[in-house]
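Worksheet for the structure shown next.
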Amino acid sequence: MRTRTHTLLATLFATTVMAMPAFAQDAADDAGSDDIIVTAQKREQNLQDVPISIQALGNKKLDQLGVSNFNDFSKLLPSISFQTTQPGSTTVYMRGVASGGDGNHSASLPSVGVYLDEQPVTTIGGTLDVHIYDIARIESLAGPQGTLYGASSQAGTVRIITNKPDATEFAGSVDGELNSVRKGGVGGKLEGMINAPISDNAALRLVGWYQRGAGYIDNVAATRSFLPIPGGIVVNNAAFVKKDFNEQEIYGGRAALKIDLDDNWTVTPTVMFQQLKNKGSFGFDPLIGDLKINRFADEFRKDRFIQAALTIEGKIGNWDMTYAGAYLDRKVKAGNDYTDYAEAYDSLYASSGGLASYFYLENAAGVDIDPRQFVVGGDHFRKMSQEFRVASPQSDRFRVVAGLFYQRQSNDIFQDYQIKNLAPLLSVNGRPGTLWLTNQKRVDKDYAAFGELSYDIAPNLTLTAGGRAFIFDNSLIGFFGFGRNPAFIQGADGNPPPNGAGSSRTGVAGCLTVEGVTLREAQLQGRTTQLLPGVIPGTFCTNLGLAVNGGVVPKSTEGSGFTHRVNLTWKPSDDVLLYGTWSRGFRPGGINRRATVRPYDSDYLTNYEIGFKTTLLDGDLRFNGALYMQDWKSFQFGFLGENSFTEIQNGPNARIKGVELDVNYSPGGGFTLSAAGAYTDAKTRNNLCSAFDATFTCAGLTTLAVKGTRLPITSKFKGNATARYEFNAAGGKAHLQGSVAYQSSASSDIRTATAASLGRLKAFTTADFTVGIDWSKVSAELFVANAFDERGELSRFQQCGQCGQRTYIVPTSPRMIGVRLGTKF
């Protein structure tokens, strides 16, 4: 039956794409305008006049497709791919620019920028999963956007544009949804908006939402056994067995005040708050069964953020002036069961009596204890950004956009690897029960000046050249590793066992002394072992930093550079636009927290692109496309190194070739057809080695992937299609709608052996259907999402990345059936 379903959906999709070469998302606003206005180039422009590959999902389209989160809209944007373990923990890629190891808080900065209105909200610990309600549009800008959007827009930019307050009328809306998930529970959401004029030149807009996601992963009964023998240590998860245990709750609100100071100047302060709470795991173990898993503790993730922003827009003479500033505060706390990790290492150290014996995991009485770990982690992101720019009149033959940008983002990194009943003397100093501690502060700064100049060589021929000069400064300081008594010399007579098998090399052993050397070096050289106090609150000492003048300063790296964009646009007619672009994007370099691993350098992406935009059949058909080739030089590659913590190195070069097409057809009579597709061919051009090798021969090293290996995560083909028919019925406007989305298989990791262990991300197709009716003030809709209950594979992961054991699959949500009701006033 499933094979027939796949065949039917594949035939439907192929027929649609053949009939319409591709499609552009219809982002017309609720007023029904045929013009799609975007601000991708820091100006208001018709989408069809913007000479870049851009897709826009407008307010109307977002409502029609029931979009409420990142997963919902990303499947409509073929250039986007991502890795995820659960909602809120997602790393975004565009056009195949993915090495597969990004997203860790100690790893590379993102390669895709995310903006909320005019302000960047890109964070290294995963993309903000902003709830989508009362949103004017979502813009997806593919290809390097480094000139106007900076460092983390190397491969592209996603912009979420909110609806602004309107002083001309009072308005509001309330929308609700109730849904049921197959093999799962019941969920729903409630959303509302009020737009209230305060005076003729001021208005307040308030938006709020609450959503409860139904669980569908079952935590089933299991036992695990650990050495030593005979007897051993046997544990079970009876206390945590639960059906549908991956529950989700999200709530938040947004407030915006718009004040027109006069005819030319507007001030818009906004504030947004959101709290996301996840319970359980959003992946399942296929070896246990469909949507089933074994967990031995209550896992959770809490992700809370608040952003305050200020936008000032105005004119001096006929030049536009814009100031955009924001402060983002994001706190993430998570708890993860590490039983798989303990089991894998128990087997690895079997010859030494298992994990408990090898790591001296004992209680205060010297008895071996249950070696399972529970990891409590946290990230506290703070991000301040400021941008000031000017723009000359759009009607001038010679046009300028120029500005200055500053950004400072920090992250307080915390990971506490806890073992119940671990003896205080075997724990991290001052933290009984903690085997390993990571407590660090990371700071990333960016300074930039940017500009673009456009000149109309002829009325229908325009040359644009732009650049961005930047300076970056990144630093890291703190502690990571095992504890240790500073007076302890491993192996000496009369000393207690060490705090973990590696305590002679990591943790307190690497902390800096008052003489500026590590404790390990001081003991070997017979020097004083007096440690400098911990710089980060809650740490005993500091092993990630540099000793300077009797103190400790962060390890840091800095650099500067220049990116460019050159574009030639030709409009042979009002309905046809052709363009060619040569552009470059970048990511800053950084430092590795292990002193013996070299810093990693900036990586650059150079894009060569030609594209077209057409409006045909008297405006009924929009057909756009782009053909590109990208060279990714010495790409940053993050992986789990020694002691299973992240290291970053510069890998080989890669080349990415692709095609993007989209079309929207509205012949009238209430029928619309839209589709979009992207083909991506992304491969390495050199060998990937286990350590930095400028020759890429991997001499004396392990070859992780040979030349010509496909880059991971991104499907070779991804596409979607939507057909909608509207007609008059029962005094209102009724509709029938069907959507289908497809993506081909993809590698789950760039490293050949790791990819084989994880298995490939399988190809999948999902289909959604809705039927509903809108009256003047009330709407009602029945829907079914993932109608054929496809187990689409969003990600694959292993808890112990170096162990090659259980592989977990993060699936698309099972079939969901529900009803939506809404009212406007």
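Couple of notes before you dig in:
- Dividing the helix sum by the residues of the chain, where each DSSP H run of 4 or more adds -39500 (n - 2.57), gives a mean residue ellipticity at 222 nm of -2000 deg cm²/dmol.
- Residues F769, F480 ordered from highest to lowest accessible area at a 1.4 Å probe: F769, F480.
- Counting heavy atoms of the protein chains alone, M94 has an accessible area of about 0 Å² for a 1.4 Å probe.
- In segment 374-482, Cα pairs under 8 Å separated by at least six residues give a relative contact order of 26 percent.
- Rg [Å, one decimal], Dmax [Å, integer] - segment 286-372, C-alpha atoms: 26.0, 80
- Surface composition of segment 381-464: carbon and sulfur atoms hold 61% of the protein heavy-atom accessible area at a 1.4 Å probe.
- Set of segment 530-571 residues, backbone N closer than 14 Å to the point 7 Å along the Cα-Cβ line of E515: 530-532
- Using R0 = 35 Å, the C-beta based FRET efficiency linking L404 and L578 works out to 0.60.
- C-alpha long axis of helix 2-19 to longest principal axis of the chain, angle in °: 40
- For segment 503-552, the ratio of Cα radius of gyration to the globular rule of thumb 2.2 N^0.38 Å stands at 1.01.
- Per-pair calculated FRET efficiency, R0 = 35 Å: T223 and T596 via Cβ, rounded to 0.05: 0.30
- Applying 1/(1 + (r/R0)^6) with r as the Cβ-Cβ distance of K733 and S180 and R0 = 30 angstrom yields a FRET efficiency of 0.65.
- Label-reachable residues, segment 221-251, where backbone N falls under 11 Å from a point 7 Å from K420's Cα toward its Cβ: 235-240
- Exposure rule at most 16 other beta-carbon atoms within 10 Å, DSSP loop GluC sites (Glu not before Pro): the chain longest free segment: 170-514
- Rounded accessible area per residue of the chain, 1.4 Å, Å²: 39
- Charge context of W209, other residues only, Cβ under 12 angstrom, K/R +1, D/E -1: -2
- Rolling a 1.4 Å probe over the protein heavy atoms of segment 186-322, with every protein chain left in place, gives an accessible area that is 59 percent carbon and sulfur.
- Comparing L616, W632, L661 along the charge dipole axis of segment 528-684, the residue lying farthest to the positive side is W632, per the Cβ-charge model.
- Taking amide H as placed 1.01 Å from N in the peptide plane, the amide H of R295 sits under 5 Å from that of V220, each at least 5 places away or on another chain.
- For segment 75-228, the square roots a ≥ b ≥ c of the C-alpha gyration tensor eigenvalues yield an a/c of 1.5 or more together with a/b not exceeding b/c, which makes the shape oblate.
- 9 Å beta-carbon shell around S173, net charge (K/R +1, D/E -1): -2
- Global size of segment 705-758 as Cα Rg and Dmax, reported in angstrom: 20.6, 64
- The stretch between F300 and A780 holds 169.3 nm of extra length on full extension. This uses 0.36 nm per residue minus the Cα-Cα distance.
- Relative contact order of the chain, defined on C-alpha pairs under 8 angstrom at six or more residues apart (%): 12
- Placing D166, D493 in order of accessible area, with the largest value first and a 1.4 Å probe, yields D493, D166.
- Cα principal axis extents for segment 710-816, largest first, Å: 63, 24, 21
- Given charges at Cβ of Lys, Arg, Asp, Glu: segment 335-490 dipole, positive-most of S395, V443, L463: S395
- Between L348 and Y323, the contour length at 0.36 nm per residue exceeds the alpha carbon distance by 3.3 nm.
- The residues neighbouring S357, those whose beta-carbon lies less than 10 Å from its own, together hold a net charge of -3 under the Lys/Arg +1, Asp/Glu -1 convention.
- Between the helical axis of 339-348 and the longest alpha-carbon principal axis of the chain there is an angle of about 50 degrees.
- A dipole drawn for the chain from +1 and -1 charges on Cβ atoms has a positive end, and of T766, I489, A297 the residue lying farthest that way is I489.
- Pairwise centroid distance, computed over Cα atoms, of segment 296-366 with segment 759-825, Å: 25
- Additional length obtainable on full extension of the chain from D72 to E558, 0.36 nm per residue less Cα span: 171.2 nm
- For the chain, the dipole from Cβ point charges (+1 on Lys and Arg, -1 on Asp and Glu) about the Cα centre works out to 1720 debye, to the nearest 20.
- I471 paired with V367, simple spin-label distance in nm, labels 7 Å along Cα-to-beta-carbon: 6.2
- On the principal axes of its alpha-carbon atoms, the chain has extents of 90, 59, 57 Å, going from largest to smallest.
The values are calculated or read from the model by the stated rules, or taken from the named source; none is laboratory data. Remember, it's a predicted structure, so these values are computed and weren't measured experimentally. Ideal geometry is used to build each Cβ from the backbone, glycine not excepted, and the neighbour counts take in all protein chains shown. Accessible surface areas use protein heavy atoms only, side chains included; no ligands, DNA or RNA. Shrake-Rupley method; radii C 1.70, N 1.55, O 1.52, S 1.80 Å.
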